[in-house]
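Enquirer: Following this message is one structure expressed as structure tokens.
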Amino acid sequence: MRALTGLLGSPAPRAPPSRPLLLLCLIAAARWSLVDGDPPDSAFTSLPVREEMMAKYSNLSLESHSISLTEQSSMPVEKNITLERPSNMELTCHFTTSEDLNSINVTWKKGDELLEKNNYLINASGNTLYTQYTFTIINSKQMGSYSCFFEEEKEQRGTFNIKVPELHRKHKPLITYVGDSTVLVCKCENCFPVNWTWYSSNGSVQVPVDVHMNDKYVINGTHANETRLKIMHLSEEDGGSYWCHAIFQLGESEEHLELVVLSFLVPLKPFLAIIAEVVLLVAIILLCEMYTQKKKKHPEEGKEFEQIEQLKSDDSNGIENNAPRHRKNESGNQ
């Protein structure tokens with residue numbers, strides 16, 4: 001582990017600190033008791049760059065966050081930080097180990113970029129190693145992930161994810177009908193965006209909603225942390241994805257809502273399908289009945305034909321039998 005005095009070097013002469021700077025130092029010292037774990041034997045020594053930064057942005061609020069790691073930690077530890085306006089940041093990592101603290105290498109990264117060693121501090125207390133990175137966020141480029149690394153036999157990592165607030169909306173699609181009106185709502189919990197904008201999705205392209213079409217779109221909000229888009233005279237073409245954008249001082253956050261516009265025939269389709277099934281079933285039953293009746297009729301006709309043929313045969317046989325009798329009678333009479 002690099003020695004703290006070696007890092008700091010010989011203190012450069014500087015002007016006496018201003019009253020706001022002294023006040024911030026006192027606040028930082030008081031806030032140390034809120035950090036997880038035992039406080040170090042001596043407080044972090046301030047760096048000249050840090051003092052200049054704190055003095056320049058002394059009017060900004062101080063955001064202090066910490067992460068605790070141990071040598072038994074099997075997974076990296078992450079902490080999400082929500083930030084909507086410029087602030088002074090104080091990120092602290094604690095690492096507790098049974099190993100020799102002097103053999104542990106400590107580094108910080110922003111994303112994949114290695115931060116310079118003179119921008120953060122290192123201190124130790126007992127078997128706990130502390131490192132603190134203090135900086136000021138004034139624009140969106142400084143947002144992102146900041147990670148502390150403790151490298152021994154196994155690397156341990158703690159990550160602070162700094163981002164603007166997320167928006168909230170209904171997760172289910174909003175379903176309405178042609179000719180109706182609807183209202184899409186986006187909210188931001190415990191935050192107040194500088195401005196709101198709405199976009200509609202045209203395939204993969206987001207198109208700004210034309211707020212000048214007063215007879216079609218109306219954008220308003222009852223509170224600063226929400227926005228409402230009212231769409232009137234709906235048509236099927238109005239269906240699709242809509243995006244609400246919240247603009248903060250440190251970036252933008254967006255959320256999408258799904259709108260489904262149905263024609264009045266759509267609810268009737270299941271009913272019409274049921275009717276069609278019933279008609280088809282009745283037609284099949286009638287055809288089966290007609291076929292059965294026809295099949296029964298054919299044997300009866302066959303029997304009638306056989307009976308007629310039998311009668312004809314009997315009549316012909318009777319006539320033939322009577323003819324010899326007449327002949328005998330005629331011969332007897334003679």
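The values are calculated or read from the model by the stated rules, or taken from the named source; none is laboratory data. Everything numeric here is computed off the predicted structure, so don't read it as measured data. Cβ placement follows ideal geometry from the backbone for every residue including glycine, while neighbour counts extend to all protein chains displayed. In case anyone asks, the SASA skips ligands and DNA or RNA and just uses the protein heavy atoms, side chains included. Shrake-Rupley method; radii C 1.70, N 1.55, O 1.52, S 1.80 Å.
Enquirer: Positive end of the dipole of region 104-209, charges at C-beta (+1 Lys, Arg; -1 Asp, Glu), about the Cα centre: which of Trp198, Gly179, Phe150 has its Cα farthest in that direction?
Expert: Gly179
Enquirer: Report the gain in length on full extension from Glu116 to Ile285: 0.36 nm times residue separation, minus Cα-Cα distance, nm rounded to one decimal.
Expert: Extra length available between Glu116 and Ile285 comes to 52.2 nm.
Enquirer: Sticking with this structure for a sec: How do the peptides 94-100, 151-157 rank, highest first, by the average count of neighbouring beta carbon atoms within 10 Å per residue?
Expert: Highest mean packing first, the order is 94-100, 151-157.
Enquirer: Residues of region 67-217: accessible area per residue at 1.4 Å, in Å²?
Expert: About 52 Å² of surface per residue is accessible.
Enquirer: Now for a separate question. For region 97-224, please report how many Lys pairs fall under 16 Å Cα to Cα, leaving out neighbours fewer than 8 apart on the same chain.
Expert: Total qualifying Lys-Lys pairs in region 97-224 comes to 7.
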